[in-house]
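Have a look at the structure below, then the notes.
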Amino acid sequence: MSAGAPDEEIARQLDISRRTLSRRLETLMTRLGATTRFQLGAHAGRRGRL
């Protein structure tokens with residue numbers, strides 16, 4: 001995500017479906033209180049996940 005890759009590419013690299021990727025991102029966003037993927041990335045950066 002941080003490299004700007006499309007969802008299809010991210011899913012392929014993780015060997016999961018695009019739908020599974022979407023569900024996982026939605027779950028992470030909910031847990032972290034992020035309303036956008038940008039916010040999700042910011043949370044990840046602050047937590048040292050990037």
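Quick notes
- Within segment 41-50, tally of residues that are assigned to a helix (DSSP H, G or I) and surrounded by fewer than 13 Cβ atoms within 10 Å (Cβ to Cβ): 2
- Considering residues of segment 29-39 that are touching a helix residue (DSSP H, G or I) at 6+ places or on another chain (Cβ under 6 Å) and modelled with pLDDT of 90 or more only, the residue most open to solvent (accessible area, probe 1.4 Å): Met29
Results for (1) within 11 Å of the chain's Cα centre (by Cα); (2) part of a helix (DSSP H, G or I), shown as yes or no for each residue.
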residue	(1), (2)
Glu9	no, yes
Gln13	no, yes
Arg19	no, yes
Arg23	yes, yes
Glu26	yes, yes
Met29	yes, yes
Thr35	no, no
Gln39	yes, yes
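The values are calculated or read from the model by the stated rules, or taken from the named source; none is laboratory data. Owing to the predicted nature of the structure, the values given are computational and were not obtained by experimental measurement. As a convention, Cβ positions derive from the backbone with ideal geometry for all residues, glycine included, and neighbour counts pool all protein chains shown. Remember, those area values only see protein heavy atoms, side chains included, never the ligands or the DNA or RNA. Shrake-Rupley method; radii C 1.70, N 1.55, O 1.52, S 1.80 Å.
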